[in-house]
1. Between beta-carbons, use under 11 Å as the cut-off and find the net charge around Ala51, counting Lys and Arg +1, Asp and Glu -1.
2. Could you derive backbone 3J(HN,Hα) for the range 363-375 from the dihedral phi with the Karplus parameters 6.51, -1.76 and 1.60 (θ = phi - 60°), listing whole Hz in sequence and x where the residue is Gly or Pro?
3. Using modelled backbone amide H atoms (1.01 Å from N, in-plane), which distant-in-sequence or interchain residues come within less than 5 Å of Leu133's amide H?
4. Once Rh for the range 60-359 is found with the Kirkwood sum over Cα pairs, what is the Stokes-Einstein diffusion coefficient at 20 °C and 1.002 mPa s, in µm²/s?
5. Select from the range 301-404 those chymotrypsin sites (Phe, Trp or Tyr not before Pro) which occupy a DSSP coil region and have at most 11 other Cβ atoms within 10 Å, ordered by residue number.
6. Using amide H atoms built in the peptide plane, which far-off residues or other-chain residues are under 5 Å from Val227 H to H?
7. Pick out which of Leu309, Leu375, Leu19 has the largest mean-square fluctuation in a Gaussian network model of the chain, springs linking Cα atoms closer than 10 Å.
8. Cα centroids of the range 298-376 and the range 176-228: how far apart, whole angstrom?
Amino acid sequence: MSHPDLIIRRARLRRQVGLHDIAIHDGRIAAISTHGAGATLAANAAHEIDANGGLVTESFIDPHLHLCKVYTLLRMDTGAVGDYHGEGMGKAMSAIEAAARVKADYHESWIYDNVKRNLDLALKYGNTHKRALVDVDSKAKLEGIKAVLRAREAFKGRVDLQVVAFAQDGIVREAGAADLMRQAMAMGADVVGGIPWLEYTAEDRAEHVRFCFDLAQEFNADVSFLVDDVGDAESRTIEDMAVAAIKRGWQGRVLAHHARAMALYSPPYMQKLIALLKKADLSVVTDPHTGPLHARVKELLAAGVNVCLGQDDVSDSYYPFGRNNMLEVAFLAAHLLWMTTLPEMETLYDMITHRAAKAMGLTGYGLQVGNAADLVLLDAPNVLEALREHAAPKCVIRNGKLMA
């Protein structure tokens, strides 16, 4: 092994006994060994950190954040959040239409300031990879895209953004959205984002799906859809997404967000849907803290469907709180999903690390030799205590460098 740049000593690792040393060289994990055993990590590094028995893991991942909307709550009234969180979520479409009013004042300058504030906070909490949804429509135009693409460059090497050109207000029902979506992809957006359930008719929903997958194929991009974010058991656009992925050969490149109507599906239909999701290699990101309905997480996990957790919103028309703390998101999910056994806590931790990485198609991620040294050192000895406190990490390491 070459002379390491950084060594973390006396670290606890998930699902392993004892203390370990981790050597980092040239931005990657160069070696991992049991502390005090052998001479593998005997040499001094340029910098050393004593974990003192604290847990070291991969850094956190958020596969679902409406980044152009962060900190816009005070620009709105409370009508949208009231409709969205209302019992049964029957007014979800009205909530989205009400929330759209904030976009009348969209401008790159103030959006960028909000985004920068948010990503600084993300780095504090060790949230180093994000899939950021950015509204593209006749009201937002391309202001949010310009701001978030600018932030992607400014935070390069610290927080990695996958920028989603997101048709928040529809494609068919929103005049000009299709052209703006294509422009956003040409400007450098990474992912095609849709919301087919919002369209008025079955024909329009099918056209929405077709357009988004056509655009994804044109730009060789992954697809993220907000599906069935409403209290209606007949809303089944997640099925349309899975079928399109299978027919287009886009398996493993599709991420379904929310799927709240799933909570109301009948058992026979749910089994059919699970088979489709597995064939499409479709991942689901759920945000149970931002709405009264949520995907059937335990059932999906038991069937082998990849499920992860997202922040969803930070202080906007849909959720008043949030601080880019994925341990906090997992803590809330533990209560809302009743995942409170020790093995379930480990699964929740996977849902903000490894499972989220799969959902975003990340490679070279994970605490293994040869992978990127994107790590957090927690002031907790295990996952139970990490979730209990959901405190900011003691250290965040990105590409082998200690972040201030």
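What follows draws every value from the coordinates through simple rules; no lab data is involved. Everything quoted here is computed from the prediction, not taken from an experiment. As a convention, Cβ positions derive from the backbone with ideal geometry for all residues, glycine included, and neighbour counts pool all protein chains shown.
1. Surrounding charge for Ala51 is 0.
2. Values, residue by residue: 10, x, 10, x, 7, 9, 4, x, 7, 4, 7, 10, 9 Hz.
3. Leu65, His66, Leu67, Val164
4. D = 114 µm²/s.
5. Trp338
6. His257, Ala259
7. Maximum among the listed residues: Leu19.
8. Between the Cα centre of the range 298-376 and that of the range 176-228, the gap is 25 Å.
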